[in-house]
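Trainee: Okay, handing you the structure first.
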Amino acid sequence: MNLIREKRKLAPGVYEFWIENNHIVKYAQPGQFVVMRLHEKAERIPITIAGKKGDCFRAVVRAVGKSTYELCMVKEGDSIMDIAGPLGRPSEIDFYGNVMLVGGGVGIATLLPIAEALKAQNNRLYVVLGGRSKEYVIMLEEFSKLADQMIVTTDDGSFGIKGVVTDGMQMFFEREKIDIVWAVGPTIMMKFCSMKAKEHGVKIWVSLNPIMVDGTGMCGACRVTVDGKIKFACVDGPEFEGELVDWDELLKRLAQYRDEEERSLKLFMERVGDLSWL
Amino acid sequence: MAVKPFPKKTPMREQEAKERIKNFFEVPFGYSEEEAVLEAGRCLQCPAKPCVSGCPVGIDIPGFIRKIRERNFAEAAKILKLYNNLPAICGRVCPQETQCEEKCVVGRIPGSEPVAIGRLERFAADWEAEHSVQTQIEIAPAKHKKVAVVGSGPAGLTVAADLAKRGYEVHIFETLHKPGGVLVYGIPEFRLPKSIVEREVNYVKSLSVQIFLNMPVGRAIPVKDLLREYDAIFIGVGAGTPKFMGIEGTNLNGVYSANEFLTRVNLMKAYLFPEYDTPVRRGKKVIVVGGGNVAMDAARSALRLGAESVTVVYRRTEQEMPARREEYLHAVEEGIKFYWLTQPIRYVGNEKGEVVGAECISMRLGEPDESGRRRPIPIEDSRFILEADTVIEAIGTEANRFLLSQFDGLKLNKYGYIIADENTCATSMRKVFAGGDIVTGAATVIEAMGAGKRAAEWIDKFLSGEYDPWK
């Protein structure tokens, strides 16, 4: 169980893993996640399931803190100590008509199984993918096979349109009648996507990634305010309607352990040395 | 036997308060052999054995105490294990004062304390482990029937061990990465060392019980598969979802549920950060809301993480607080402050979204409510602000909606707990039994074990065709 069968670099500091786990492969549905613990002293970290193949599921990880750096350094043939899942509520896959899918950063990987499931329901897919620059826009090939139309945006204009994903959204909104939107990416991106969708009166699903511990509704660390009520992202989500989320609160909650995270990463870097290759 | 026993319990040595607030080591040291024998000598061996009726698992208390008095410690441990699969845990965390010890005849003698049954239980269990005496338990011939147990807390471990002893093949499914449930994520190291839990879990495993970790039932294994593959199912998932008062500021940084705070500290060892990766806020001014054992655990943990002040805010008085007396007294000795008849009504935050204080209101006690305790009523114009950089709400838990929603057709009560027969633990669903906090709401470790014990008995009767409540 939990053997890493394949590992591939997708972008600077972004890795794809194919991990053996029968239960997850058998039951995972689009939108769900797992909670991983790499070793005895590691944190429990939630990671979305980004596809399945044979007896493996795919996890895409970006190195941002000590735990994710460490995870990205795991090699093919190694195993992850604990993986619990699938967890969370699956995406509401149905026939909607014209669906806009917006992905940013590693959120693009989360979006892929949702896109595949929506395509299987005969929806027309309008895909917007964004990244800092060309090398950060992952899974272009997979999406170009699925999308009816696709727009890529980069902050520096090194690929596609120079701009952010909401610019791509605006272009589609002007061209087509969009029935529903999914946006997955950094929290700040999903906040602006939600504002953009609201501006056009279209419902939007976002996949939240608040700080989590157990992932099964037991601790309440991942609480978010949605429509004025306290929700637990792990069991009530991770997907919520974007226009109902209290984004500013979520952004503050995500910064909760910034000092500890910095300290932990610094100690880790001192121990393992240069990580710029990652 | 006409010798009058010493009036007081043989004292148990413990870490000095000023030392122990700096570490997470266990507070009481336990009895030495001499102390245990001395204390065992206080037992009158009365034929009525009222203590046994006060024990949810019906341990032969005079029996094991007599063996301690005879210095036959291995035999004492063996007697305990006949009734209780987790004696070292019970000896530490059972509320003995309201159970066995409350009924003790010695305690009825004016000016006399009951026999320290809990301490003796702990002694016998620890002695067995320290002397590597593995109690041989007879296991009945294989019955070729399989039972699934959902949750590896005190109820699940007990039902599993008892069914395994009766010859059933038992598989426990646990969502977390360590077995033990509340024993590993909830109760702090200084009250229940995790090595003790591990030791007793290993004993349950030694009875051929298999434990599958990281397995959220209903997600990683569908309920219909369990129903198909197993002859009976026991649900013992506890009442794990934290309640929040839901007042303004609940989602400020630094406001925790006790579950989150304790899970970070106990299960994830955040007190050893950065050696362990999971962080926890080390507050300087900490407020804990609530008056139960969980509130005491949270308060004492916060103190050990380096808080300058820890204040427990409770809406009733010392008389009504549900915490065990021993835990409360330990907390007082350690310097934790108590604000009685006080209730937070709003948390105050700064621009970064961090909690900086709690606005509280004073209460008075009115007529008794449904719990039988006098209802707290807010006193107008009594608001004041308590400064705090960390707030921990320990106001109870409720049923976890996620798992139960997967059991189609399982009848729940108005609070969302499973409706199960008090005696047999049978639920509304064929071959499904349930016990522990998920039936009763938050209760004690030993009560959950008592339910596990009863469930094992009735699951055995059901599987051997003697009993079928669903006919």
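The values are calculated or read from the model by the stated rules, or taken from the named source; none is laboratory data. Owing to the predicted nature of the structure, the values given are computational and were not obtained by experimental measurement. Positions of Cβ are generated from backbone atoms using ideal geometry, with glycine treated the same way; all protein chains shown enter the neighbour counts. When the accessible area is computed, the model is the full protein with side chains, heavy atoms only, and any ligands, DNA or RNA have been set aside. Shrake-Rupley method; radii C 1.70, N 1.55, O 1.52, S 1.80 Å.
Trainee: Out of (1) surrounded by fewer than 21 Cβ atoms within 10 Å (Cβ to Cβ); (2) within 14 Å of chain A (Cβ to nearest Cβ); (3) within 23 Å of B:Leu192 (Cα to Cα), the odd one out for B:Val294 is which?
Mentor: With respect to (1) surrounded by fewer than 21 Cβ atoms within 10 Å (Cβ to Cβ); (2) within 14 Å of chain A (Cβ to nearest Cβ); (3) within 23 Å of B:Leu192 (Cα to Cα), B:Val294 is out only on (1).
Trainee: Report whether or not A:Trp205 is away from chain B (no Cβ under 14 Å) and open to solvent by less than 10 Å² (accessible area, probe 1.4 Å).
Mentor: So A:Trp205 fails the test.
Trainee: State whether one or more residues within the range B:355-367 are open to solvent by 70 Å² or more (accessible area, probe 1.4 Å), farther than 29 Å from B:Lys284 by Cα and not β-branched (Val, Ile, Thr).
Mentor: yes
Trainee: Also: Do you know which of the residues in the range B:416-434 that are touching a strand residue (DSSP E or B) at 6+ places or on another chain (Cβ under 7 Å) and outside any strand (DSSP E or B) is most open to solvent (accessible area, probe 1.4 Å)?
Mentor: B:Ile419
Trainee: Working only within the range A:31-51, note down all residues that are over 24 Å from A:Phe268 (Cα atoms) and within 14 Å of chain B (Cβ to nearest Cβ).
Mentor: Scanning the range A:31-51 gives A:Gly31, A:Gln32, A:Phe33, A:Val34, A:Ile49.
Trainee: When the residues of the range A:6-23 are filtered to those that are farther than 19 Å from A:Glu70 by Cβ and modelled with pLDDT under 95, which remaining residue is nearest to the other protein chains (Cβ to nearest Cβ)?
Mentor: So, considering only residues that are farther than 19 Å from A:Glu70 by Cβ and modelled with pLDDT under 95, the one nearest to the other protein chains (Cβ to nearest Cβ) is A:His23.
Trainee: Then there is this: Can you find even one residue in the range B:363-386 that is farther than 30 Å from A:Leu87 by Cα, touching a residue at least 40 places away in the same chain (Cβ under 8 Å) and among the basic types (Lys, Arg)?
Mentor: yes
Trainee: Of all residues in the range B:449-471, count the ones that are touching a Pro at 6+ places or on another chain (Cβ under 6 Å) and open to solvent by 10 Å² or more (accessible area, probe 1.4 Å).
Mentor: Number of matching residues: 0.
Trainee: Of all residues in the range B:237-261 being at pLDDT 95 or above, surrounded by 24 or more Cβ atoms within 10 Å (Cβ to Cβ) and more than 9 Å from every other protein chain (Cβ to nearest Cβ), which is nearest to B:Asp297 (Cα to Cα)?
Mentor: B:Ala258
Trainee: From the list A:Gly85, A:Gly131, A:Gly104, which residue is at pLDDT below 95 and open to solvent by less than 10 Å² (accessible area, probe 1.4 Å)?
Mentor: On inspection, the qualifying residue turns out to be A:Gly85.
Trainee: Pairs, please: C-beta under 7 Å, at least 6 apart or cross-chain, first residue at the interface with chain A (Cβ under 8 Å from one of its Cβ atoms) and in the range B:273-291, second among the hydrophobic types (A, V, I, L, M, F, W, C) and outside any loop (DSSP other than H, G, I, E, B)?
Mentor: Close Cβ pairs (under 7 Å, with a partner that is among the hydrophobic types (A, V, I, L, M, F, W, C) and outside any loop (DSSP other than H, G, I, E, B)) amount to B:Pro274/A:Leu267; B:Tyr276/B:Ala270; B:Thr278/B:Ala270; B:Pro279/B:Ala270.
Trainee: Just give me the residues in the range B:300-315 being among the small types (Gly, Ala, Ser) and either in contact (Cβ under 8 Å) with a residue 40 or more places away in the chain or not assigned by the TED database to the domain that holds B:Thr250 (or both), in sequence order.
Mentor: Matches in the range B:300-315: B:Ser301, B:Ala302, B:Ala307.
Trainee: Now, a different point. Condition first: within 14 Å of chain A (Cβ to nearest Cβ) and among the hydrophobic types (A, V, I, L, M, F, W, C). Now tell me which residues in the range B:395-423 satisfy that.
Mentor: B:Ile395, B:Ala399, B:Phe402, B:Leu403, B:Leu404
Trainee: Taking the range B:172-194, which residues are of a type outside the set (Asp, Glu), over 16 Å from B:Met449 (Cβ atoms) and within 14 Å of chain A (Cβ to nearest Cβ)?
Mentor: B:Phe173, B:Thr175, B:Leu176, B:His177, B:Lys178, B:Tyr185, B:Lys194
Trainee: Now a separate question. Out of B:Ala220, B:Ala239, I need the residue that is touching a helix residue (DSSP H, G or I) at 6+ places or on another chain (Cβ under 8 Å) and without any contact (Cβ under 8 Å) to a residue 60 or more places away in the chain. Which one?
Mentor: Sole residue among the options that is touching a helix residue (DSSP H, G or I) at 6+ places or on another chain (Cβ under 8 Å) and without any contact (Cβ under 8 Å) to a residue 60 or more places away in the chain: B:Ala220.
Trainee: Filter the range B:139-153 down to residues that are at pLDDT 95 or above and of a type outside the set (Gly, Ala, Ser) and give me whichever is surrounded by the most Cβ atoms within 10 Å (Cβ to Cβ).
Mentor: This residue is B:Val149.
Trainee: In the range B:59-97, what residues are touching a residue at least 60 places away in the same chain (Cβ under 8 Å), outside any helix (DSSP H, G or I) and either more than 25 Å from B:Glu326 (Cα to Cα) or not β-branched (Val, Ile, Thr) (or both)?
Mentor: B:Asn84, B:Asn85, B:Leu86, B:Cys94, B:Pro95
Trainee: So which strands (runs of 3 or more DSSP E) are wholly in the range A:199-278 and hold at least 3 residues that are within 18 Å of the chain's Cα centre (by Cα)?
Mentor: The qualifying strands (runs of 3 or more DSSP E) are A:204-207, A:239-241.
Trainee: Still on this structure, I have one more. Only one of these is of a type in the set (Phe, Trp, Tyr), in contact with a strand residue (DSSP E or B) (Cβ under 6 Å, 6 or more places away or on another chain) and more than 29 Å from A:Ile4 (Cα to Cα): A:Phe172, A:Phe95. Name it.
Mentor: A:Phe172
Trainee: Something else now. Output the number of the condition that A:Ile230 fails; it satisfies all remaining conditions of (1) out of contact with any Gly (no Cβ under 9 Å at 6 or more places or on another chain); (2) open to solvent by 30 Å² or more (accessible area, probe 1.4 Å).
Mentor: Condition (1) is where A:Ile230 drops out.
Trainee: Taking the range B:337-354 as the search range and keeping residues that are touching a residue at least 40 places away in the same chain (Cβ under 8 Å) and open to solvent by less than 30 Å² (accessible area, probe 1.4 Å), which one is nearest to the chain's Cα centre (by Cα)?
Mentor: My answer is B:Pro344.
Trainee: Answer with yes or no whether B:Asp225 is more than 7 Å from chain A (Cβ to nearest Cβ), surrounded by fewer than 21 Cβ atoms within 10 Å (Cβ to Cβ) and without any contact (Cβ under 8 Å) to a residue 12 or more places away in the chain.
Mentor: When the stated conditions are applied, B:Asp225 passes them.
Trainee: Kindly indicate which of B:Glu97, B:Glu102, B:Glu130 is under 12 Å from B:Phe73 (Cβ atoms) and either open to solvent by 40 Å² or more (accessible area, probe 1.4 Å) or of a type in the set (A, V, I, L, M) (or both).
Mentor: B:Glu130
Trainee: So which residues in the range A:1-38 are surrounded by fewer than 18 Cβ atoms within 10 Å (Cβ to Cβ), part of a strand (DSSP E or B) and not charged (D, E, K, R)?
Mentor: A:Leu3
Trainee: May I ask you to say which residue of A:Thr187, A:Thr225 is closer than 27 Å to A:Asp156 by Cα, within 14 Å of chain B (Cβ to nearest Cβ) and surrounded by fewer than 19 Cβ atoms within 10 Å (Cβ to Cβ)?
Mentor: None of the other options fit; the residue is A:Thr187.
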